[in-house]
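Comments concern the structure below.
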Amino acid sequence: MILTRFAAVVAAVAMLTLFNPAAQADEAAVQRVITAQLEAFRANDAKTAFGFAAPGIKRMFRTPQNFIMMVERGYRPVYEGSTPTFLRSQDGGDGNFAQEVSLTDNEGRSWRALYTLAKQDDGSWRITGCVLRPANAQSI
């Protein structure tokens, strides 16, 4: 009987997590931010792309031009890649979110980018980091 109740509680928690409208809304918002920044990169719109960066990233690079130059040089598949395919995501539950994205570069190679984002005081999501690796490499 206790085991049955425990299983029911575990199932209920799992259902709440899977069908949590707030978590789904956050995931959709996170994906919109990533997509919008990628579109800004492809348009070479440094100011807009920089606008999606979290305050810590903005402090680190100081100007949109510094930021986009770093992305263009160090994250070429992100800078010029194809439309993203969103893969796994994880809501940290503490105002942090991780989203794995599949991209293809201009030479047809597949890449995986793991984005981390933080929810700001105004409720918006901003990108705190991105780890990029070839799709055939070990997991991020």
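Any read-out appearing in this document is the output of simple, stated calculations on the displayed coordinates, not a laboratory observation. What you see is a predicted model, and the numbers here were worked out from it, not measured in a lab. For neighbour counting, all protein chains shown are included, and Cβ atoms are generated from backbone atoms with ideal geometry for every residue, glycine included.
Rounded, prolate or oblate: pick one for region 35-89, where a ≥ b ≥ c are the square roots of the eigenvalues of its C-alpha gyration tensor, a/c under 1.5 means rounded, and failing that, prolate if a/b is larger than b/c, else oblate. Judged from the Cα gyration tensor, region 35-89 comes out prolate (a/c at least 1.5, a/b above b/c).
Does region 23-134 come out rounded, prolate or oblate by the C-alpha gyration tensor, with a ≥ b ≥ c the root eigenvalues, rounded set by a/c under 1.5 and, if not, prolate when a/b is larger than b/c and oblate if not? Verdict is oblate for region 23-134. For region 38-54, 3J(HN,Hα) computed residue by residue from phi via the Karplus equation (6.51, -1.76, 1.60; θ = phi - 60°) reads 4, 5, 5, 4, 4, 8, 6, 9, 4, 4, 5, 4, 5, x, 8, 7, 5 Hz, glycine and proline entered as x. In this structure the amide hydrogen of W125, modeled in the peptide plane, comes within under 5 Å of the amide hydrogens of Q120, none closer than 5 places in sequence on its chain. Sorting 86-94, 32-40 by their mean Cβ neighbour count within 10 Å, with the most densely packed peptide first, gives 32-40, 86-94. The HN-Hα couplings worked out from phi for region 106-119 by the Karplus form 6.51 cos²θ - 1.76 cosθ + 1.60 (θ = phi - 60°) are 5, 9, x, 7, 8, 9, 10, 10, 9, 8, 10, 9, 10, 7 Hz, whole numbers, x standing for Gly and Pro. For region 80-119, the relative contact order comes to 38 percent (Cα pairs under 8 Å, sequence separation of at least 6).
Our summary gives region 98-140 a relative contact order of 34 percent, counting only alpha carbon pairs under 8 angstrom and 6 or more residues apart.
Taking R0 as 30 Å, what FRET efficiency do you get between T83 and A29 from their Cβ-Cβ distance, rounded to the nearest 0.05? For T83 and A29, the calculated efficiency is 0.95.
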